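Please read the structure below before turning to the comments.
The values are calculated or read from the model by the stated rules, or taken from the named source; none is laboratory data. What you see is a predicted model, and the numbers here were worked out from it, not measured in a lab. Reconstructed Cβ throughout: ideal geometry from the backbone, glycine too, with neighbour counts over all protein chains shown.
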Ligand code: CP
């Protein structure tokens, strides 16, 4: 497997596969560009930044937010999309075409390819198959979801004005949750961050990942009970148990709502400044009554930031001057 290339300030034509490619300066560039995109979107300023560009969206796994926000981002910037949902049935993958060949075909018709795939490492395989076209990883199995982490960082920064010296709580399926993997890597780039990790033991981070993240300098504290959640967290990041990664449905049923975010838990444990995040979809692990709490951002800013961050990333990867 080819080594991941670092961005180091040069986004143009870069594959975006993992948070391992980013420095804090790269993230700062994304956040600054995101702010511009937010202003463009808020003022409904028409822009033709991506005029003449076509971006392919190839999603081998279902998606609401990532697919729709990328599609909307491209159109808001004046670009066009080529959208293949469920390529296993609706592309020549149904006839046995490999992912690598599919990528070589779609790069003939597009300037960038957004790819979601059920297998970890397939975004990297696609990048290796691509001759000239940047691949953006929209989630590769239990691997990573880098654009989700970027929008999560934008959401934390929007509230707290910093990405260092933070205390966070991450709950749910840490073994299979790709958004969690990318977010921990992202927060590991900054100084003095502490994350409390609350998951059923069966869904703890893989030991190898846990050790790798710790070596990067982030403090990870594994906890087993809600009563161990600290009262001074800047954010809670709740996640669902990833049903599609289980072979044993009984095991999934046993674990799926072991930790549920309720109004009562919030009252007892959250600070007035704690924001409540979730990458979504949620499937029972957040009580709907929590939605009305002003600290809950998962159905508000967090999903809107997905649009602005993806507008920013596309403009940078396609080399647009702003
Ligand atoms: N957060 C996220 O990746 O959502 P979708 O699966 O709906 O894209």
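Worth a mention:
- Test: residue in region 24-39 that is part of a helix (DSSP H, G or I), touching a helix residue (DSSP H, G or I) at 6+ places or on another chain (Cβ under 8 Å) and over 18 Å from residue 149 (Cα atoms): yes
- Here residue 142 fulfils each of the conditions (1) free of Cβ contacts under 8 Å to residues at least 60 places away in the same chain; (2) part of a loop (DSSP other than H, G, I, E, B); (3) over 30 Å from residue 53 (Cα atoms) apart from (1).
- Sole residue being touching a strand residue (DSSP E or B) at 6+ places or on another chain (Cβ under 9 Å), surrounded by 19 or more Cβ atoms within 10 Å (Cβ to Cβ) and at pLDDT 95 or above, chosen from 151, 205: 205
- Across region 40-91, the number of residues qualifying as crowded, with 16+ Cβ neighbours inside 10 Å and assigned to a loop (DSSP other than H, G, I, E, B) comes to 10.
- Residues of region 244-284 that are within 21 Å of residue 141 (Cα to Cα), part of a loop (DSSP other than H, G, I, E, B) and in contact (Cβ under 8 Å) with a residue 60 or more places away in the chain: 279, 280, 281.
- Subset of region 63-85 (residues that are within 14 Å of the ligand (Cβ to nearest atom) and modelled with pLDDT under 95): 85
- Residue count for region 213-229 under the criterion of being loosely packed, with under 15 Cβ neighbours inside 10 Å and either at pLDDT 95 or above or not in a loop (DSSP other than H, G, I, E, B) (or both): the result is 8.
- For region 285-297, a residue qualifies if it is under 26 Å from residue 31 (Cβ atoms), in contact (Cβ under 8 Å) with a residue 24 or more places away in the chain and buried (at least 19 other Cβ atoms within 10 Å of the Cβ), and exactly one does: 297.
- Some residue of region 247-259 being at pLDDT 95 or above and in contact with a strand residue (DSSP E or B) (Cβ under 8 Å, 6 or more places away or on another chain): yes
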